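Rule-based calculations on the coordinates, nothing more; no lab input. Everything numeric in this text was worked out from a predicted model, so none of it was measured. Here the Cβ positions follow ideal geometry from the backbone for every residue, glycine too, while neighbour counts run over all protein chains shown.
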Amino acid sequence: GGGAAASAPLTVLTREEESEVRKVWMMVDVDGSGAIDSSELGLLMQQLNGGTAPRADEVSRVREQVDSDADGVITWEEFKSAMDRWLGSGRKRTHEADSSDDEAASPVSRKRLHKEISSF
């Protein structure tokens, strides 16, 4: 979705990171619809959590954080923007303590996300 939402300035994914994120997108968008629905997001989160299926409320929370136009699905632009924020935050926080409130509240850790995206 496109909207005039004012959000924090984005870091720009490197070309390599965007390529990796695109690979993940193509694997997650199982039905090729061009959008990730809750079931596809749940499968991604399960993979990132070592095979443990996420609770429905965890999937909803992540979807709400990423689905900027609140249409119930995650578009490529929304997904890329979220990956940019998460991976960029990881780069910026390399010297900060591992357990920030944001990190602790998230069912998917940045470190794990980066590791998993790199493994696709």
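Tabulated results
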{"item": "Pairwise label distance in nanometres, Trp76 with Asp37, each label 7 Å out on the Cα-Cβ vector", "result": "2.0"}
{"item": "Highest-first arrangement of 73-79, 16-22, 38-44, 28-34, where packing means the average Cβ count within 10 Å", "result": "73-79, 38-44, 16-22, 28-34"}
{"item": "Nearest-20 debye value, the range 15-60 charge dipole, Cβ charges on Lys, Arg, Asp, Glu", "result": "100"}
